[in-house]
Amino acid sequence: MAVEKFKTDFGPPKPMLPPVVEKNYGKWKYHEVVRCGVVKRVSETGDVVYVARFGSPRLLSIYTVRDLCDLADKYADGYIRWTSRNNIEYILTDEKKVDGLVEEMKKLGFPLGGTRDTTKGVYALSNIIHTQGWIHCHTPATDASGIVKAVMDELYEYFTEMKLPAICRISLACCGNMCGAVHASDLSMVGIHRKPPKILDDVVKRTCELPSTAAGCPTGAITIDVKKKTVRIDEAKCMACGNCYTICPGLPIFWPEDDGVAILVGGKVSDARHPPSLSKVVIPWIPNNPPRWPEVVNAVKKIFLAWAENARKHERMIEWIERIGWEKFFELADLDFTHHLIDDFRVGAYQYATYRSSTQFRW
């Protein structure tokens, strides 16, 4: 009986893979980290490839992309890929070409790094995954690529060298809708709106469908003012998510004086050693201060270094925190504890949220 081949939705379709990868699909025997940023992969067939990883700012001009593609033609048989954390990877079949590629990428401003050698317990910081920010998003409370650039400039050495005790995933979402992975990252930054949207009555009358605008509010804070053909917002119910502005351009939610950034820690998706966990707020608000966001950068760096200098090998952020206790964490990270940080979430009748759902379940 013919057995249908298993199809996966991970990664590109096979016709888009480099020939050597397609040839050895599912046959890779082992890998070793040659140096930070370069991984040697050996197949059961005897084929060997060298994967070179470089950090990128994610937002690239077409001219930069053309330069990167030219290097792909020169060193990697015309193939190039971007990882989910916005790193650039070339897959080379000739080890002698690695140094040349690294030098040319260095001239373009792209550093080599971001890999880890788990067997030796040494890790490098991978790139920060982030959302659109002020460049593309229409509801951001902060920028994305600007803060990420400022943070990674401070943590640059940890990208180019494998000297961390464990994996550390850093992410940024420019508003509470969290298009980034901030809810489940070791260290996260989230844009925070602190005021409800403005109501531009004239714009609402001319451009907005009132029933759908009111229905789009997840907390029921918006009601329709039938006589004036506009809407009203109950500030006590509004959580400043900006969803209404997506539906109605007459409800902008931008407050330069009050928008800012919250810092979260302790999230992870991995099941290794500790079940997956959601991030927790440790700094409720820091003001926006472009172009370098010094307050945000300083806070992130303090938390990051407190973990990096005190965690054991392979110990993720939440594992370290739970070992030493939250009180000790706030002390080592030099953070103030406020009433905003008290976890008041209670499941109540929704018992499904208390079920053990990780792979670590035991009878």
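Summary of computed values
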| read-out | value |
| --- | --- |
| So Ile170, is it of a type in the set (A, V, I, L, M, F, W, C), open to solvent by 40 Å² or more (accessible area, probe 1.4 Å) and touching a residue at least 24 places away in the same chain (Cβ under 8 Å) | no |
| Which numbered condition Val281 fails, given (1) free of Cβ contacts under 8 Å to residues at least 12 places away in the same chain; (2) in contact with a strand residue (DSSP E or B) (Cβ under 7 Å, 6 or more places away or on another chain) | (1) |
| Residue match in the range 338-355 (condition: open to solvent by 70 Å² or more (accessible area, probe 1.4 Å), over 30 Å from Lys195 (Cα atoms), among the aliphatic types (A, V, I, L, M) and at pLDDT below 95) | yes |
| Segments classed as helices (runs of 4 or more DSSP H), wholly inside the range 5-111, with at least 2 members that are under 30 Å from Asp153 (Cα atoms) | 62-75, 98-108 |
| Pick from the range 317-337, criterion acidic (Asp, Glu) and under 16 Å from Ser279 (Cα atoms), ranking: least open to solvent (accessible area, probe 1.4 Å) | Glu319 |
| Checking Pro197 against (1) over 27 Å from Asp143 (Cα atoms); (2) open to solvent by less than 50 Å² (accessible area, probe 1.4 Å); (3) free of Cβ contacts under 8 Å to residues at least 60 places away in the same chain; (4) in contact with a Gly (Cβ under 8 Å, 6 or more places away or on another chain), the condition it does not meet | (1) |
| Extreme residue, nearest to Pro111 (Cα to Cα), among residues of the range 26-46 that are exposed (fewer than 12 other Cβ atoms within 10 Å of the Cβ) and not charged (D, E, K, R) | Tyr30 |
| Filter result (open to solvent by 70 Å² or more (accessible area, probe 1.4 Å), among the β-branched types (Val, Ile, Thr) and more than 17 Å from Thr139 (Cα to Cα)) within the range 225-254 | Val226 |
| Test: residue in the range 129-141 that is under 16 Å from Asn87 (Cα atoms), surrounded by 20 or more Cβ atoms within 10 Å (Cβ to Cβ) and out of contact with any Gly (no Cβ under 7 Å at 6 or more places or on another chain) | no |
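Yes/no per residue for (1) modelled with pLDDT of 95 or more; (2) assigned to a strand (DSSP E or B); (3) in contact with an Asp or Glu (Cβ under 6 Å, 6 or more places away or on another chain):
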site	(1), (2), (3)
Leu251	yes, no, no
Asp258	no, no, no
Ala262	yes, yes, no
Asp271	no, no, no
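The values are calculated or read from the model by the stated rules, or taken from the named source; none is laboratory data. Computed from a predicted model, the values in this text were never measured in an experiment. Please note: Cβ atoms are built from the backbone with ideal geometry, for glycine as well, and neighbour counts cover all protein chains shown. Calculation scope for accessible area: heavy atoms of the full protein, side chains included, ligands and nucleic acids excluded. Shrake-Rupley method; radii C 1.70, N 1.55, O 1.52, S 1.80 Å.
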